[in-house]
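Coordinate-derived values only; no laboratory data. Since we're looking at a predicted model, the values are computed, not measured. So basically every Cβ, Gly included, is an ideal-geometry build from the backbone, and we count neighbours across all protein chains shown.
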Amino acid sequence: MADENTEATTYRILMVEDDRLDQMAFKRMVKEQNLRYDYTIAGCVSEAKEILSRENFDIVFVDYLLGDGTAFDILESIADVPTVFATGTGSEELAVKAMKSGASDYLIKDPARNYLKVLPEVIKNAIRHKKAEDELKRYHENLIDLVKERTEQLAEEKELLAVTLSSMGDAVIAVDAENKIILFNKAAEKLTGWKFDEVHLKPIDEVFSIIDEQTKQPVESPIDKVLISRNIESGSDHDALAARFGRQCPISATAAPIRKDDGTMTGIVMVFRDVSQKREIDRMKSDFISSVSHELRTPLTSIKAYTETILYDRNMPEETQREFLRIIDEESDCLADLINGLLDISRMESGNLEIVREPVDVLAVIDCTMSDMRALAQKKKVDLELNVPQQLPELIGDENKIQSMISNLINNAIKFTPENGRVVLSATTTTDRQLVIKVSDTGMGIPTEDLPKIFGRFYRVYRPGKQIQGTGLGLAIVKEIVVRHDGRIEVESELDKGTTFTVWLPLTPQQAPLPVSA
Ligand code: ATP
Ligand code: MG
């Protein structure tokens with residue numbers, strides 16, 4: 001399109017006019033006014049169409065009545081070129097119709113051809129108008145593209161946010177400025193027991209509350225705190241979520257204000273997670289510390305008491321002295337066992353528990369362990385029975401560790417069996433060359449829900465009212481020893497009836513031999 005602002009601009013014009021006199025008048029005007037028109041004249045519709053099919057013009061000036069048709073026939077075939085329509089006096093209606101059909105402007109021809117005087121201005125305006133129209137169209141198209149692109153971007157961002165939120169392990173809830181829920185991810189649904197659809201736009205206080213884990217009384221939630229401080233806030237270490245259907249679970253929560261660019265707070269987002277496991281571990285750790293301290297203090301107190309008595313009682317008969325020294329010796333062994341257990345656990349944790357591979361005479365190990373345990377069994381008035389064949393094949397493994405495994409299992413069996421109970425150790429081999437050791441007791445049993453946890457470090461079954469000492473390390477050590485010998489361990493138990501631990505150990509483990517420990 002030619003640029004009307006430039007002095008040097010030449011307009012390419014197609015004039016469609018069948019009247020020779022009008023044609024000549026037009027030519028004369030162009031010449032007289034020295035107009036920069038590069039024009040072509042067509043005398044009829046077909047000629048105009050033919051020219052239009054091969055040439056481009058900035059504007060078409062077309063008379064209404066043409067020998068082989070009308071200006072409308074031409075209007076139909078011009079798509080994007082401004083057209084000025086000319087018609088005789090008294091045909092204004094036609095002119096209006098032409099404008100509606102897409103003409104840019106019209107001129108009423110007069111016999112004196114005065115219309116030619118305004119023609120240059122009309123042409124200039126039509127071209128300027130067309131240019132403005134084209135720019136507007138381009139602007140609209142750009143705008144549409146931009147809106148489309150932004151909409152797609154927003155949809156993608158929304159999708160990404162939705163996927164991220166729903167795949168997050170942490171629960172995320174957001175409320176608006178009126179504390180009504182506007183966001184609730186999958187983890188939040190799982191923890192609270194509510195579906196997003198059920199709580200959308202509900203006041204958060206109606207959906208769940210945060211309570212103190214111990215007192216069960218409602219406490220200030222991090223969201224309440226943010227409402228006051230307008231800053232990031234965390235809950236306390238005793239927070240629990242009072243969820244749907246009376247369910248409660250300990251949580252760790254943090255909330256933060258949602259702000260617009262200008263700093264106005266438009267809502268609050270809270271992230272929280274179920275910390276039951278962490279609290280359980282914390283509980284087990286503190287139980288463990290108090291157990292270890294107790295276990296260490298008991299033999300130490302008695303060692304100290306007996307040593308002091310020997311030191312200060314000069315007249316003590318030699319026999320009593322020897323008896324006291326024997327007790328001191330025993331208690332020292334207990335201390336050493338406990339410390340060894342702790343060391344084993346710490347080696348296991350750091351992956352440094354070494355297992356020796358050497359031929360082990362299992363029967364000899366069993367005998368030795370049984371005689372160690374006999375005194376304990378007698379003291380507790382528990383029958384200790386042995387059920388083993390005359391001979392057992394050699395096992396490749398770590399003698400000390402296997403002894404520790406058997407003595408842990410028998411020790412537990414005696415410890416958790418009341419007076420007059422019975423503990424049986426049996427050993428046999430299978431056809432696929434496995435040693436099977438069973439330790440059964442007629443003791444207090446283990447609740448089903450605790451069975452999967454008893455091999456965990458520091459785990460002790462909660463037995464209210466029963467003071468049974470221990471650190472909860474024994475079975476963790478047993479399990480590690482079994483696994484390191486390529487074996488497996490299983491437990492069956494019935495409350496108040498008894499428990500059986502069964503260990504399978506391959507006589508020749510598959511694992512590559514490890515260096516012999518120093
Ligand atoms: P530790 O062995 O370190 O002195 P512990 O005996 O309490 O302490 P584990 O040997 O690891 O710890 O046993 C874990 C828990 O499993 C025990 O506290 C006990 O409640 C339960 N348990 C283990 N063996 C038996 C058993 N034969 N009968 C009943 N409960 C058992
Ligand atoms: Mg034990």
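Taken together, VAL491, VAL423 contain a single residue that is surrounded by 22 or more Cβ atoms within 10 Å (Cβ to Cβ) and part of a strand (DSSP E or B), which is VAL423. Residues that are among the small types (Gly, Ala, Ser) and either touching a Phe, Trp or Tyr at 6+ places or on another chain (Cβ under 6 Å) or near ligand 2 (Cβ under 9 Å from one of its atoms) (or both) within the range 463-475 comprise GLY470, GLY472, GLY474, listed in sequence order.
Looking at the structure I just gave you, is ALA132 part of a loop (DSSP other than H, G, I, E, B) and without any contact (Cβ under 8 Å) to a residue 12 or more places away in the chain? No: the conditions fail for ALA132.
Restricting ASN408, ASN420 to residues that are polar (S, T, N, Q), away from ligand 2 (no atom under 15 Å from the Cβ) and out of contact with any His (no Cβ under 6 Å at 6 or more places or on another chain) narrows the list to ASN420.
Taking the criterion of being in a strand (DSSP E or B) and loosely packed, with under 15 Cβ neighbours inside 10 Å, the residues of the range 248-287 that qualify are GLN248, ARG259, MET265, THR266.
Filtering the range 468-492 to residues that are of a type in the set (Asp, Glu) and either at negative phi or within 8 Å of ligand 1 (Cβ to nearest atom) (or both) leaves GLU480, GLU490, GLU492. Does any residue of the range 103-110 turn out to be surrounded by 10 or more Cβ atoms within 10 Å (Cβ to Cβ), within 30 Å of SER46 (Cβ to Cβ), touching a residue at least 60 places away in the same chain (Cβ under 8 Å) and touching a Phe, Trp or Tyr at 6+ places or on another chain (Cβ under 9 Å)? Taking every residue of the range 103-110 in turn, at least one turns out to be surrounded by 10 or more Cβ atoms within 10 Å (Cβ to Cβ), within 30 Å of SER46 (Cβ to Cβ), touching a residue at least 60 places away in the same chain (Cβ under 8 Å) and touching a Phe, Trp or Tyr at 6+ places or on another chain (Cβ under 9 Å). Scanning the range 428-458 for residues that are within 9 Å of ligand 1 (Cβ to nearest atom) and at positive phi yields a total of 2. If you go through the range 449-458 one residue at a time, do you hit one that is aromatic (Phe, Trp, Tyr), within 12 Å of ligand 2 (Cβ to nearest atom) and either over 15 Å from LEU409 (Cα atoms) or assigned to a strand (DSSP E or B) (or both)? Within the range 449-458 (the criterion being aromatic (Phe, Trp, Tyr), within 12 Å of ligand 2 (Cβ to nearest atom) and either over 15 Å from LEU409 (Cα atoms) or assigned to a strand (DSSP E or B) (or both)), the answer is yes, since at least one residue qualifies. On the given criteria, is VAL478 part of a helix (DSSP H, G or I) and either within 15 Å of ligand 2 (Cβ to nearest atom) or surrounded by 18 or more Cβ atoms within 10 Å (Cβ to Cβ) (or both)? For VAL478, the condition - part of a helix (DSSP H, G or I) and either within 15 Å of ligand 2 (Cβ to nearest atom) or surrounded by 18 or more Cβ atoms within 10 Å (Cβ to Cβ) (or both) - is met. Among the hydrophobic types (A, V, I, L, M, F, W, C), in contact with a His (Cβ under 9 Å, 6 or more places away or on another chain) and farther than 18 Å from ARG279 by Cα: does that describe PHE184? Taking the combined requirement at face value, the residue satisfies it. In the range 327-411, counting only strands (runs of 3 or more DSSP E) that sit wholly within it, the ones holding 3 or more residues that are over 30 Å from THR307 (Cα atoms) and within 16 Å of ligand 1 (Cβ to nearest atom) span 383-387.
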